[in-house]
Amino acid sequence: MTTFDPISAQSTRPPTRTTSRMVAITATVCLTAAACGGGGSGSGPGADGGTVTIGLASDPGTLDPLGTAGSAAGVMNVFAYDALVNIAADGQVVPGLARSWQVDGANRVGFGLREDVTCGDGTPLKASDVANEFNHIADPKNQSPLLGLTVPRSTTASGDDTTRTVTLTTQDPAPMLLRMASMVAIACPKGLKAPGTLARASDGTGPYVLSEVVPGDHYTYVKRKGYTWGPGGASNEQSPKKVIFKVVSSETTAANLLLSGRLDIAQVIGPDRQRLEGSGLKPQTVNALLGQFIFAETPGHPTADERVRRALVQALDLRQLGSVATGGEGTPSKGLGLVEPRMCPGDNIAGNLPAHDLAQAAAELTAAGWTKSGNGWTKDGRALEIRFTYSGGGEQTTAAAELAVQQWKALGVKVAVTTFTATTLASTLGGDAWDVSWPPITAALPDQLVPFFSGPRPPAGMNFGGTDNPDHQRLVAAARVKPDAAGCADWSAAEVALFKRVDVVPFVDTRVTMFGKGVTFRLDRGAIVPTALRKN
């Protein structure tokens, strides 16, 4: 059992290492190409900090912190909600709503809450309120997408309002439980009782309160007074008085607005990046997975057959696709979409994915029982056609997706194409109207990616493709009982098991660049830290 109480220690002292695997994480599970970007027109520096507008590449849909795992909502929700603990830039756990914590093995963590925490409406936050949220997420009937991602499925929580302590306990090993707690945005009791109201409103303890919502256009947050419990005890005294998230789907438009002073911050990862850099703007950057294919593997889908999946990948020139998708700025992926720094570094992909070989792709289809018929393939009187869906909106991603379709058609495969947005991703992939998808899924910890490749499909789980890989499941089970980096060999082998069976194909990472003009800010794995945001 290990404990850490920063109140009785110097705030710069690293916390005691626990049995949890230590890795820097963000406040939410991330889907790559997270929508956070450009700026706004501010009123100047000072204690109130003026106004900063931050662009969004797409509308976040719901902002309910209990009902979404999407990155756009997560990037916004850090302005209105807090977590029990936070992760510093050096990967260490630092105080949040909790002033202290105690880790007891791999199944139990206790937290001591600060005394002064209040909700945006002034209501004091109680320990039982925090426990109620964890229990809400852990209850399968509530169908929270956070279940299994940031809250292990066997979690139970208890809160003692007298001692202001919260205890999380799991039946199964959860050595990352402390760090997972840093990704759970705590809602206040009114919002928890009516979570549907949080889709377009906020009810949290964070440094800002959501004051205006115009879906598809902008979201306005206003600074609250007296906030002193940010990461490591940070306050919002010098933060901007108002923060506006503006939906700007075109990167070129976002870059133009940034240069003209109508935006303060913009995420630009395409060709316009060179224009911004040439104007003297210096970006902050993070590397993130951009290109990845997953497959529907449940009965009735052609991609349920591993040989078909292998043929589809062999038909693709993944390096060419990656170059198109990133404007030549990307690098080959080395593993699943884990944010940097990865807990288990190394290249798990090299030599473990099918190489580009059109003749071998045809041989795989023949071995799978498909017969070449004219310009296509047939089996049992049925033509080989796949339904391909990807995240629309980005010009380069669209060009790469179109190239993939051309290369599949060169093999003789018919392709029907659809797109999804951040709002429709879960409903699209939770259905059966697709065979191959390009979903940009990333997470902070290896454990959090497991539900995407094992377990139930939506709505009971997040295993979109219905993947059932026994080797992956066996290696994950072995990794979960080992502390920290001791499980890295098994975590890496579990990834390799997915690649070898062509269950998932990550192929390109991109350099996500966030430009600012007239502001200073800090990123926490792609999200702006509200208490570090300043209008110059």
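Reachable aspartates and glutamates from residue 126, Cα under 20 Å, same-chain residues fewer than 8 places away excluded?
Residue 126 reaches 5, 82, 115, 116, 160, 161, 203.
When the dipole is taken about the Cα centre of the range 178-302, and only Lys, Arg (+1) and Asp, Glu (-1) are charged at their Cβ, what size is it in debye, to the nearest 20?
500 debye
Specify whether the C-alpha gyration tensor of the range 186-335 places it in the rounded, prolate or oblate class, a ≥ b ≥ c being the square roots of the eigenvalues: rounded for a/c under 1.5, otherwise prolate if a/b is larger than b/c and oblate if not. Don't jump to the answer; show the numbers that get you there.
Details: a/c = 2.49, a/b = 1.44, b/c = 1.73.
Oblate, because a/c is 1.5 or more while a/b does not exceed b/c.
If packing is taken as the average count of other Cβ atoms within 10 Å, what order do 434-446, 193-205 fall into, highest mean first? Please report the intermediate quantities before stating the final value.
Numbers: 434-446: 24.8, 193-205: 18.9.
The densest-packed peptide leads the list: 434-446, 193-205.
On the principal axes of its Cα set, how long, how wide and how thick is the range 100-145? Give whole Å, largest value first.
Extents along the principal axes: 31, 28, 15 Å.
Given 303, 290, 470, which one lies farthest toward the positive end of the charge dipole of the chain, if we put +1 on the Cβ of every Lys and Arg and -1 on the Cβ of every Asp and Glu?
290
Using the crude model of +1 on Lys and Arg Cβ and -1 on Asp and Glu Cβ, and no other charge, please compute the dipole size for the chain relative to its Cα centre, in debye to 20. Intermediate values should be presented prior to the final figure.
Details: 48 positive and 48 negative charges, 107 e Å.
Its charge dipole is roughly 520 debye.
Keeping all protein chains in the complex and leaving out DNA, RNA and ligands, what accessible area do you get for residue 81 with a 1.4 Å probe, in Å² to the nearest 10?
10 Å²
Using a probe of 1.4 angstrom, how much of the accessible area of the range 86-230 is carbon and sulfur, in percent? Could you put the intermediate results ahead of the total?
Values: 2770 of 5460 Å².
That fraction is 51 percent.
Would you work out what percent of the accessible area of the range 350-475, with all protein chains in place, is carbon or sulfur (probe 1.4 Å)?
Exposed carbon and sulfur together represent 52 percent of the surface.
Mind jotting down the three principal axis lengths of the range 146-234 based on Cα atoms? Whole angstrom, largest first.
Each principal axis gives a Cα extent; for the range 146-234 these are 43, 30, 23 Å.
May I ask for the angle, rounded to the nearest 10°, between helix 488-500 and the longest principal axis of the chain, with both axes built from Cα atoms and the value confined to 0 to 90°?
40 degrees
To the nearest 0.05, how large is the calculated FRET efficiency for residue 194 and residue 378 if R₀ is 60 Å and r is the Cβ-Cβ distance?
On the way: r = 54 Å, r/R0 = 0.90.
Once the sixth-power term is evaluated, E becomes 0.65.
Starting from the Cα gyration tensor of the range 466-515, take the square roots of the eigenvalues, sort them a ≥ b ≥ c, and report rounded, prolate or oblate (rounded when a/c is under 1.5, otherwise prolate if a/b is larger than b/c, else oblate).
Details: a/c = 2.95, a/b = 1.38, b/c = 2.13.
Verdict is oblate for the range 466-515.
What accessible area per residue comes out for the chain, rounded to a whole number of Å², with a 1.4 Å probe? It would help to have the intermediate numbers written out before the result.
Working: 20150 Å² over 536 residues.
Per-residue value: 38 Å².
Against the empirical 2.2 N^0.38 Å scaling, what ratio does the C-alpha Rg of the chain come to?
Rg over 2.2 N^0.38 Å, computed on Cα atoms: 0.97.
Per the Kirkwood formula on distinct C-alpha pairs, the Rh of the range 73-222 is how many angstrom? Before the final figure, lay out the partial values.
Numbers: mean 1/r = 0.0637 Å⁻¹.
The Cα-based Kirkwood calculation yields 15.7 Å.
Once both labels are modelled 7 Å past Cα along the beta-carbon direction, what's the residue 486-residue 115 spacing in nm?
3.9 nm
Place a +1 charge on the Cβ of each Lys and Arg in the range 145-225 and a -1 charge on the Cβ of each Asp and Glu, then give the dipole magnitude about the Cα centre in debye, rounded to the nearest 20.
On the way: 9 positive and 6 negative charges, 38 e Å.
So the dipole magnitude of the range 145-225 works out to roughly 180 debye.
Got a number for the accessible area of residue 427? Probe 1.4 Å, square angstrom, nearest 10.
90 Å²
Could you rank 500, 190 by how accessible they are, 1.4 Å probe, largest area first?
Numbers: 500 110, 190 135 Å².
Solvent-accessible surface, decreasing: 190, 500.
Using modelled backbone amide H atoms (1.01 Å from N, in-plane), which distant-in-sequence or interchain residues come within less than 5 Å of residue 82's amide H?
Hits under the 5 Å cutoff: 186, 205, 206.
Arrange the residues 534, 319 by how much accessible surface each exposes, largest first, with a 1.4 angstrom probe. Before the final figure, lay out each step's value.
Numbers: 534 75, 319 180 Å².
Correct descending sequence by accessible area is 319, 534.
Given N residues in the range 437-480, what is its alpha carbon radius of gyration divided by 2.2 N^0.38 Å?
Its radius of gyration relative to the 2.2 N^0.38 Å reference: 1.14.
The values are calculated or read from the model by the stated rules, or taken from the named source; none is laboratory data. Given the structure is predicted, the values throughout are model-derived calculations rather than measurements. When we count neighbours, we look across all protein chains shown, and the Cβ atoms used for this are built from the backbone with ideal geometry, even at glycine. With ligands, DNA and RNA removed, areas are computed over all heavy atoms of the protein, side chains included. Shrake-Rupley method; radii C 1.70, N 1.55, O 1.52, S 1.80 Å.
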